[in-house]
């Protein structure tokens, strides 16, 4: 069929996309134009199970949907399923749940309409796969935002050809992650692109204005289904559909009253109800199979995959500046359902289909400083464009800024002693690769940062633990043991976190720093000092950098690594190494095997922030002090038998429990809505079963609630903890 503009407009006039169609009487000329029923918008299949799936269709008049299934397209001896009557009450749409089919099978299906006079439509065929019963490969595609941002069906390029491309990969499942339509996004017939080319849109009446009435919302879906690529895809790939915001209006929330001039209906709850009805009518899903009769549900697809489809828009709090202590996007019932179902799921892969991000870290409060930094970076970028943009040691702007920062802290530093990396972890990996060989030993704090331990293990480096005891203020590091371990182990390097240690928050004093510098000089091993937490002091600023306690050439034995992520923003993956210039050059040469440099724009933004933090660090420290107090108070009330030794800075506290139940608690906590890092993650060979790390970089209400839930998770383990041998650590 040639989907020319003329054909499209004729189709719209017959009621395939025009709003009045659903209200027409069965004999009305706008809907009925044939002596036989017509499947107006193809067929679709969705929410597959091991024994079947949902089949969707739309009729041009009241009719019964008949679905036949067979293992081949010959349809020899087909099975037959019959729906109830498709009527104008649902805009002529209907769905039918197929059951009793075999798992893991390719199913050919054929849909026919039968009118009340016995006349039958031309059949439309499709194909799908039932969910498997046994483990095997699964090909899943996901996408969203159909006909959004002003770009609809362009006849010049053959329409929505992305669906044809997707179909060629022969997927088992398609997860449509929302914005199935853009009800708030009218289309223009032409859009001029930045390069001067013109994009042409087919435009229906429904797509010429924002949707407000039920028929206008229905018309959004009808428009998309005039695309032949989309029609073919719908008939041949089982879909799992959820909604987001643009099915109603951009970034809406329950109870919102719009102030947009293009809307005469300002009450978003009214618009959302109409949008939800059209969404249910025009998609292959059955709201009675959703937990709340709307959207959120679980789709099991064999033993390997469970898909958890969420509905966050219907339950989220009002939009705000996100400065409140807590907020909700799921609602209590949906949250409990998700936790329960995730706990019960035995599938290898658990996909949480979320219409709002749930794994995105963003800073609290005002973020203007980040925008300001990147705006400044873009202003500076043009002078870097004539270069190749690859600087293994980093751009001069940032190296100078970091060097000046060290100098201001009492450690005179030249820019050629600085190497910019893509985060502190990247810096450590580079150093390990250059200095240590498989089988070499490295001294580490014990406990220490888990990802540092993992980097050593992957490089074949054997960590030698030296105790850090935060319960000993001012002397948390056992420096005698450290010196002894250095002598006996023959370690090539030591990795230590003396500035607000992760996970304990401890800080090493002046005398300890001087002893570390002396140890590095005497032993000949490289001392790698991790300063990623140095800006997060809460009680008092830290002493000068460890390297400042080494004099002259002895400074070559002390290497310092740092990061912008903890100080400014987690998404700013900028780190650095301060070392002897000769070592910096060697690292730059070795870096080519890993990467060729750090993005210039990010470096420019980091340089801006390192020179002027805009009071951000003072604000962060004040907030963290308050949050630390909240956590300590909550632990004192909810878990009084836990021993807490808060450090003078950092992001977390190291807590000792009465017994060795850390791993068991970490396993039980998610069922109560808490994710916990067990003590052994921070140790060597299973140590620290009596300990947990508890971060306090969360809103106050979240911390209180987290401790309440943690106490509930701990209660069944209390007996084991209380009767554990006292010497077990």
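Against the condition in the same structural domain as residue 90 (by TED's automatic domain parsing) and assigned to a loop (DSSP other than H, G, I, E, B), how does residue 269 come out, does it pass? Taking the combined requirement at face value, the residue does not satisfy it. Of the candidates 519, 508, 536, the single residue that is under 29 Å from residue 625 (Cβ atoms) and surrounded by fewer than 22 Cβ atoms within 10 Å (Cβ to Cβ) is 536.
Evaluate the following for residue 340: is it at pLDDT 90 or above and surrounded by 15 or more Cβ atoms within 10 Å (Cβ to Cβ)? In short, no. Restricting 590, 607, 544 to residues that are touching a residue at least 24 places away in the same chain (Cβ under 8 Å), buried (at least 19 other Cβ atoms within 10 Å of the Cβ) and outside the structural domain of residue 714 (by TED's automatic domain parsing) narrows the list to 607. Checked against the criteria, residue 158 does not count as under 32 Å from the mean Cα position of the chain (by Cα), surrounded by fewer than 20 Cβ atoms within 10 Å (Cβ to Cβ) and in the same structural domain as residue 252 (by TED's automatic domain parsing). If you filter the range 138-182 down to residues that are in a helix (DSSP H, G or I) and free of Cβ contacts under 8 Å to residues at least 60 places away in the same chain, you find that the one that is farthest from residue 242 (Cα to Cα) is 156. Taken together, the residues in the range 635-669 that are surrounded by fewer than 20 Cβ atoms within 10 Å (Cβ to Cβ), free of Cβ contacts under 8 Å to residues at least 60 places away in the same chain and under 23 Å from residue 339 (Cα atoms) amount to 4. When residue 85 is tested against (1) in a strand (DSSP E or B); (2) under 21 Å from residue 53 (Cβ atoms), just one condition goes unmet, and that condition is (2).
Output the residues belonging to the range 405-426 that are over 14 Å from residue 548 (Cβ atoms) and free of Cβ contacts under 8 Å to residues at least 60 places away in the same chain. The one that is over 14 Å from residue 548 (Cβ atoms) and free of Cβ contacts under 8 Å to residues at least 60 places away in the same chain: 415. Inspect the range 391-408 for any residue being under 30 Å from residue 485 (Cβ atoms) and in the same structural domain as residue 573 (by TED's automatic domain parsing) and give the result as yes or no. Taking every residue of the range 391-408 in turn, at least one turns out to be under 30 Å from residue 485 (Cβ atoms) and in the same structural domain as residue 573 (by TED's automatic domain parsing). All of (1) touching a helix residue (DSSP H, G or I) at 6+ places or on another chain (Cβ under 7 Å); (2) free of Cβ contacts under 8 Å to residues at least 12 places away in the same chain hold for residue 296 with one exception: (2).
Hey, could you check the range 353-374 for residues that are out of contact with any helix residue (DSSP H, G or I) (no Cβ under 9 Å at 6 or more places or on another chain) and at pLDDT 85 or above and say which is surrounded by the most Cβ atoms within 10 Å (Cβ to Cβ)? Top of the filtered list is 355. Evaluate the following for residue 631: is it modelled with pLDDT of 95 or more, under 27 Å from residue 369 (Cβ atoms) and either part of a helix (DSSP H, G or I) or over 27 Å from the mean Cα position of the chain (by Cα) (or both)? Spelling it out, residue 631 is indeed modelled with pLDDT of 95 or more, under 27 Å from residue 369 (Cβ atoms) and either part of a helix (DSSP H, G or I) or over 27 Å from the mean Cα position of the chain (by Cα) (or both).
Candidates are the residues of the range 108-137 that are without any contact (Cβ under 8 Å) to a residue 40 or more places away in the chain and within 41 Å of the chain's Cα centre (by Cα); the one that is surrounded by the most Cβ atoms within 10 Å (Cβ to Cβ) is 108. Looking only at the range 591-606, count every residue that is modelled with pLDDT of 90 or more and over 13 Å from residue 565 (Cα atoms) and tell me the total. Selection size over the range 591-606: 3.
Filtered by the rule that a residue be farther than 23 Å from residue 594 by Cα and either free of Cβ contacts under 8 Å to residues at least 40 places away in the same chain or touching a strand residue (DSSP E or B) at 6+ places or on another chain (Cβ under 6 Å) (or both), the range 381-397 gives 382, 383, 385, 386.
Scanning the range 477-505 for residues that are part of a loop (DSSP other than H, G, I, E, B) and under 23 Å from residue 566 (Cα atoms) yields 497, 498, 499, 500, 501, 502, 503, 504, 505.
Rundown of residues vs (1) loosely packed, with under 14 Cβ neighbours inside 10 Å; (2) at pLDDT below 95; (3) in a helix (DSSP H, G or I); (4) in the same structural domain as residue 53 (by TED's automatic domain parsing), yes/no style:
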site	(1), (2), (3), (4)
244	no, no, no, yes
248	no, no, no, yes
260	yes, yes, no, yes
274	no, no, yes, yes
278	no, no, yes, yes
285	no, no, no, yes
299	no, no, no, yes
303	no, no, no, yes
307	no, no, no, yes
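Would the range 110-129 turn up any residue that is assigned to a helix (DSSP H, G or I) and in contact with a helix residue (DSSP H, G or I) (Cβ under 9 Å, 6 or more places away or on another chain)? Checked the range 110-129: no residue is assigned to a helix (DSSP H, G or I) and in contact with a helix residue (DSSP H, G or I) (Cβ under 9 Å, 6 or more places away or on another chain). Yes or no: the range 66-77 includes at least one residue that is over 20 Å from residue 233 (Cα atoms), at pLDDT 95 or above and not in a loop (DSSP other than H, G, I, E, B). Yes: the range 66-77 contains one or more residues that are over 20 Å from residue 233 (Cα atoms), at pLDDT 95 or above and not in a loop (DSSP other than H, G, I, E, B).
Is it the case that residue 209 is surrounded by fewer than 19 Cβ atoms within 10 Å (Cβ to Cβ) and at pLDDT 95 or above? Yes.
The values are calculated or read from the model by the stated rules, or taken from the named source; none is laboratory data. What you are looking at is a predicted structure, and each value in this text was computed from that prediction instead of being measured. Cβ coordinates were reconstructed from backbone atoms using ideal geometry, including for glycine residues, and neighbour counts include every protein chain displayed.
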